[in-house]
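For reference, the structure is listed below as structure tokens.
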Amino acid sequence: MELEFFHDVLCAWCYALSPRVRRLAAEYPEIRIVHRAFALAPTPESLETMFGSKEQAKREILSHWRAANQNDDDHRIDAALMATRPFDYPYSMPGLLACKAAERQGGQEAHWALYDRIQRAHLTECLNIADFAVLRRCAEDVGLDVARWEGDVRSPETREAVERDLARARLYGIRGVPTLVAERKYTLSGAQPYERLKSWIERLLAQHGTSRID
């Protein structure tokens, strides 16, 4: 069974969910996880457009961080630290391109490894993940061929791969993340607890392709 995991590097709720999806994949090896990019803030101007100002954007987003930290099993999200950082709140595209470049080098596992590392840099270490130097250190940390990765990040093919994921999200009608899509038709949204994920997958495996589950 193919399970598409739509996420954004910026998304605190995705950070809470990713370890649970890893646990799910380990428990059910018949599931193949495919990572899909979703851009909550595609450009540097996106947050200002959505929230009215960069400062207001950061304040409101950090309130979401605090809520997501209560959901996170290990409470890894440090809103207090990010509030002290002087840089503008990051936007999505640099991190999404970084993860797709990792995927070109090492497939879905490389995508997932870099995605998790970038999220830790963003939500726990509170670094500026719009800074290419930060992304490069993350790529080094997960063992990528960094010279090859740098070339792939800048390639038109990598951007096209991200754009295909964004188009796929629109086709599915996805408006927020995290969202899981099984077999291109069964959807589950939000940072669900592990037991909810497990019961959902078990129902799908038991009645694969027989009815829609929302």
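The values are calculated or read from the model by the stated rules, or taken from the named source; none is laboratory data. Just so it is clear, the model here is predicted, and its values are computed rather than measured. Don't worry about glycine lacking a Cβ; one is built from the backbone with ideal geometry, like all the others, and counts go over all protein chains shown.
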Turns out the helices (runs of 4 or more DSSP H) fully within segment 33-125 with at least 3 residues that are out of contact with any helix residue (DSSP H, G or I) (no Cβ under 6 Å at 6 or more places or on another chain) and within 22 Å of S189 (Cα to Cα) are 54-71, 93-123
*Tell me, please, whether a residue that is surrounded by fewer than 20 Cβ atoms within 10 Å (Cβ to Cβ), under 30 Å from P156 (Cα atoms) and at pLDDT below 95 can be found in segment 32-39.*
no
Result of the Cβ filter at 7 Å on segment 143-159, keeping first residues that are without any contact (Cβ under 8 Å) to a residue 24 or more places away in the chain and partners that are surrounded by fewer than 14 Cβ atoms within 10 Å (Cβ to Cβ), at least 6 apart or interchain, is V146/E140
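Report yes if some residue within segment 199-209 is of a type in the set (S, T, Y) and either assigned to a helix (DSSP H, G or I) or at pLDDT 95 or above (or both); otherwise report no.
yes
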Right, I129: crowded, with 21+ Cβ neighbours inside 10 Å and within 20 Å of R76 (Cα to Cα) or not? yes
Fill in: Condition met for L10 (touching a Gly at 6+ places or on another chain (Cβ under 9 Å) and surrounded by 13 or more Cβ atoms within 10 Å (Cβ to Cβ))
yes
